[in-house]
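The values are calculated or read from the model by the stated rules, or taken from the named source; none is laboratory data. Quick caveat: nothing in here was measured; it's all calculated off a predicted structure. Glycine gets a Cβ as well: all are built from the backbone with ideal geometry, and neighbour counts include every protein chain shown.
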Amino acid sequence: MLLALPMLGASAQNVKQEKLDSFLVVMPQSFFDRMSASYNLAVGLQNKQTTPLMTGVDFGFEVLPRLRVILEADYTVGLRSVDGNRTFDGAFTLGGGLSYRLFGGKGYTKPAQGKDALELQFTAGGSVGKVDWKQNYYDFGLLYTTRHRLSICTPFMGLGYRYVNSHAAGMKNYGGVYATIGMRF
């Protein structure tokens, strides 16, 4: 019992120090705590007779306390209206980018702490394989994420701007605003 008393004192001092440093951002300790995966759906505004619909997954890794590296795979469908006929062109795309968390408190990636966050995200990529809509894209967005204390899932919503440099015959370059919703794990 006497041997345990110094440990209790050290534990209480550690709690006091955490309260003093609560404004600091602490990097999660585990490799797996820094990893994330998300699924999203997005729709863009119509521009040049094209309305993009996008669905995808991305995998992230927090390399610094607020900075994540992202790898993403999307399937994009361009709904078009040409001479009164409605058609669609699809593209499977792969890309990558960076996400910077503007705010969202200490230990945000730990499920035990519920925090909201606002992220600035930039991604770029291109189509792969034999697809109808050959393209390169550049994407800039703002995501709002919220996490409940007891959940490992983080819903998010966002707005962004996507520029698509089309390489397919009959498809013009697209630039437009989009809205997205999704779930991060």
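Against the conditions (1) among the aliphatic types (A, V, I, L, M); (2) touching a strand residue (DSSP E or B) at 6+ places or on another chain (Cβ under 6 Å); (3) at pLDDT below 95; (4) more than 19 Å from Tyr138 (Cβ to Cβ), Val57 satisfies every one except (3). Among (1) modelled with pLDDT of 85 or more; (2) more than 23 Å from Leu159 (Cβ to Cβ); (3) surrounded by 17 or more Cβ atoms within 10 Å (Cβ to Cβ); (4) not basic (Lys, Arg), which single condition is Gly107 missing? The failed condition is (1). Within the range 121-143, which residues are of a type in the set (A, V, I, L, M, F, W, C), within 18 Å of Leu102 (Cα to Cα) and modelled with pLDDT of 95 or more? Within the range 121-143, Phe122, Phe140, Leu142 qualify.
Scanning the range 30-44 for residues that are hydroxyl-bearing (Ser, Thr, Tyr) and assigned to a strand (DSSP E or B), we see that the one that is nearest to the chain's Cα centre (by Cα) is Ser38.
Taken over the range 168-180, the criterion of being surrounded by fewer than 14 Cβ atoms within 10 Å (Cβ to Cβ) and in contact with a Gly (Cβ under 9 Å, 6 or more places away or on another chain) is satisfied by Val177 alone.
Report yes if Lys134 is loosely packed, with under 14 Cβ neighbours inside 10 Å and among the basic types (Lys, Arg), otherwise no.
Details: loosely packed, with under 14 Cβ neighbours inside 10 Å: no; among the basic types (Lys, Arg): yes.
So Lys134 does not fit the description; no.
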